[in-house]
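Notes follow once the structure below has been shown.
The values are calculated or read from the model by the stated rules, or taken from the named source; none is laboratory data. Everything numeric in this text was worked out from a predicted model, so none of it was measured. In this analysis, Cβ positions are derived from the backbone assuming ideal geometry, glycine residues included, and neighbour counts consider all displayed protein chains. Areas reflect the complete protein model, heavy atoms only, side chains present, ligands, DNA and RNA absent. Shrake-Rupley method; radii C 1.70, N 1.55, O 1.52, S 1.80 Å.
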Amino acid sequence: MSLLRRAETCFANQQVNKLLNAFVCPRDEGTLISEHTSNLRDADKRRDRGTSIKESLGKAYLIALIGTPKSAIDGCLIAVKDNICTSEEPTTCASAILKGFHSPYPATVVEKLKHAGALIAGKTNLDEFGMGYTQDGGSLSAGGSSGGSAVAVATGQCDAALGTDTGGSVRLPAAYTGIIGFKPSYGMVSRWGIVAYANSLDTIGILAKDSSMARNIFDAVEGFDSRDPTSIPVSTRSRIAQQLLERKAKQGWGDTPSVRIGVPREYNTAELQPEVRRAWLETLQGLRNQGHTIHMLSLATTKMALSAYYVIAPAEASSNLAKYDGVRYGNKNSASERADNVLFASTRGAGLGEEVKRRILLGSYSLSAAAIDNYFKTAQKVRRLVQRDFNNAFALSHPLLKRQDGSGSEPKVDVILTPTAQSLPPRHSSLKNKASIDSYSVDFLTVPASLAGIPALSLPVSIAGQDGIDQNAPTSVGIQVIAQYGDEEMVFAMARSIESLRDIKQLS
């Protein structure tokens, strides 16, 4: 199928699925087609010319350089979460306080996508400022906060999408909607042009139908960015690449498929639903049959990670969102023109949602002089322990941290495999009666990797016997692949192995 025809199908799906609210500013099909037709036809020509050159080696090499596709994602429609700045459309973060805000510049990742030949399919919906856990996916929750991006990909409204992952905001929606959700190592992809929620945790994530598309997008957007102070420098990237080459040479990766897979005891919680646990065990058995080895291990501080996250993230959010006051940023509340109104309180009270205000208050308290030692500083110590647990578990050394071996006789592994979520996606009717404090536990299995800053990917594994029982019932659960910092190669390799298990099931 040509890129133009595929894009037309995506645009048609956007119209059919408008009620799912995946896009912040949905546009009519005719406008979308006219806006992108020229670029899509050019991309089709580059792809056709590149194919013909591969088939005919006698063609001039100069033509190959000029006419081949710009990248593996040339002509692909990529949606962008609405907390990632673009110059064409408003960036509102789904908040009333930023309604109509146009960024004067695009984010680095958006520039890189365009340079690679990708086309922006639109801005996707999210929980306000990325602070949330659920969005509409029909009768079931699509998860949050990148739920709009996940729904857009799952329903064929685009080829792939960008989201942001702070504590699981890409992986959880991916698990709930049956697609791939990938969070790279912190600092591998530029954060410049991203509206910050929690600076030390925010990471650009990728949502796609399969791991090969996610890998292609990652290859296009990763790299050092001098405008982002958290971007990993070229020297460190070179050191990581050298580490991976040495591992290949030492272990003979080109000759053997065997990988040491770690299974943390702490992730086998009492709250795991039977379908999730069964899919986890079946995946491990399938990988064992492929020749990989399974090793039980302990990540003791996992149980403390969620509590630490909900101190650190709100604390950073309370600082980052202080600028939305109606003067520096944000829409000023008209009621504040009255002499008896305080400008900041009126503007922020009217412009920010309940969950955002709750987290700002929580963060402000944890940073107060009376509480900072007991809460924020303690949470940072827990975060360091979480990093140490992961660092001690992996055979590959962390390129930025020294190993503090307190793991005793625990095995060293190449990758860790866990469920992404403890349960199947909840129905919206059940969320209405759920206490806010209970809802925070949905990130229990995704937060540890975020605190450690290491790469993690969620991919769908089918639930045996679910097809045909209930049309609205989920047919898959998310399995999470976690690797050492900078080892995205291992994450994608393991994802391909799990996808091959799925392909075998479909053939049988």
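Met296 passes every criterion in (1) assigned to a helix (DSSP H, G or I); (2) more than 21 Å from Thr164 (Cβ to Cβ); (3) touching a residue at least 24 places away in the same chain (Cβ under 8 Å); (4) among the hydrophobic types (A, V, I, L, M, F, W, C) apart from (1). Among the conditions (1) farther than 28 Å from Ala313 by Cα; (2) at pLDDT 95 or above; (3) of a type in the set (A, V, I, L, M, F, W, C), Ile84 misses just one, which is (1). Confirm whether Pro257 is at pLDDT 95 or above and in a loop (DSSP other than H, G, I, E, B). It is false that Pro257 is at pLDDT 95 or above and in a loop (DSSP other than H, G, I, E, B). Kindly provide the set of residues from region 367-400 that are among the hydrophobic types (A, V, I, L, M, F, W, C), open to solvent by 50 Å² or more (accessible area, probe 1.4 Å) and either touching a residue at least 60 places away in the same chain (Cβ under 8 Å) or at positive phi (or both), ordered by number. Hits for region 367-400 are Leu385, Leu400.
For region 91-110, give me each residue that is touching a residue at least 40 places away in the same chain (Cβ under 8 Å) and not aliphatic (A, V, I, L, M).
Matches in region 91-110: Thr91, Thr92, Cys93, Ser95, Lys99, Gly100, Phe101, Ser103, Tyr105, Pro106, Thr108.
Only one entry of Glu29, Glu55 meets the criterion of being within 30 Å of Thr124 (Cα to Cα) and either at pLDDT below 85 or not hydroxyl-bearing (Ser, Thr, Tyr) (or both), and that entry is Glu29. Pro90 meets all of the listed conditions (1) open to solvent by 10 Å² or more (accessible area, probe 1.4 Å); (2) touching a helix residue (DSSP H, G or I) at 6+ places or on another chain (Cβ under 6 Å) but one, namely (2). Just name the residue that is farthest from Ile84 (Cα to Cα) out of those in region 32-46 that are touching an Asp or Glu at 6+ places or on another chain (Cβ under 7 Å) and at pLDDT 85 or above. Looking at the filtered set, the residue picked out is Arg46.
For every residue, the table says whether it meets (1) assigned to a helix (DSSP H, G or I); (2) surrounded by 18 or more Cβ atoms within 10 Å (Cβ to Cβ); (3) at pLDDT 95 or above.
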| site | (1), (2), (3) |
| --- | --- |
| Ser423 | no, no, no |
| Ser429 | yes, no, no |
| Tyr440 | yes, no, no |
| Leu451 | yes, yes, yes |
| Leu459 | no, yes, yes |
| Gln466 | no, no, no |
| Asp470 | no, no, no |
